Amino acid sequence: MVGSGVGVFLPAKAPADVVRALSNAMKQASESQTMKDNLAKFASTATFQTPEQFIETIKADINRWGPVVKASGF
């Protein structure tokens, strides 16, 4: 299955307190009723990931799709 997603990237050496603050704000936004209502208009939902979970998702995507991209010549 292939899905779509949106993520926020920061510089590698971003201060931990900034990462935490942004992560907390993104979590609150993804759980807000306004966000849920707006996404529902497009038959979509928000799934929050911690920064650590997001890193693992990116790594898994690179492992999964890297060979496909290389084989395509893109």
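When Asn24 is tested against (1) open to solvent by less than 80 Å² (accessible area, probe 1.4 Å); (2) part of a helix (DSSP H, G or I); (3) not acidic (Asp, Glu), exactly one condition is not met: (1). If the condition is being assigned to a helix (DSSP H, G or I) and of a type in the set (A, V, I, L, M, F, W, C), then the stretch 53-74 contributes Phe54, Ile55, Ile58, Ala60, Ile62, Trp65, Val68, Val69, Ala71.
Report, by residue number, each residue of the stretch 2-21 that is farther than 23 Å from Trp65 by Cα and either part of a loop (DSSP other than H, G, I, E, B) or touching a strand residue (DSSP E or B) at 6+ places or on another chain (Cβ under 8 Å) (or both). Walk me through it before giving the result.
Taking the stretch 2-21 and keeping what is farther than 23 Å from Trp65 by Cα, we get 11, 13-21.
Hits for the stretch 2-21 are Pro11, Lys13, Ala14, Pro15.
Filtered by the rule that a residue be over 28 Å from Arg64 (Cβ atoms), among the polar types (S, T, N, Q) and part of a helix (DSSP H, G or I), the stretch 27-52 gives Gln28, Gln33, Thr34, Asn38. For the stretch 51-73, filtering for residues that are open to solvent by 80 Å² or more (accessible area, probe 1.4 Å) and aromatic (Phe, Trp, Tyr) leaves 1.
The values are calculated or read from the model by the stated rules, or taken from the named source; none is laboratory data. This is a predicted model, so every value here is computed, not measured. Backbone-built Cβ (ideal geometry, glycine too); neighbour counts: all protein chains shown. Side chains are part of the model used for accessible areas, which takes the heavy atoms of the whole protein and leaves out ligands, DNA and RNA. Shrake-Rupley method; radii C 1.70, N 1.55, O 1.52, S 1.80 Å.
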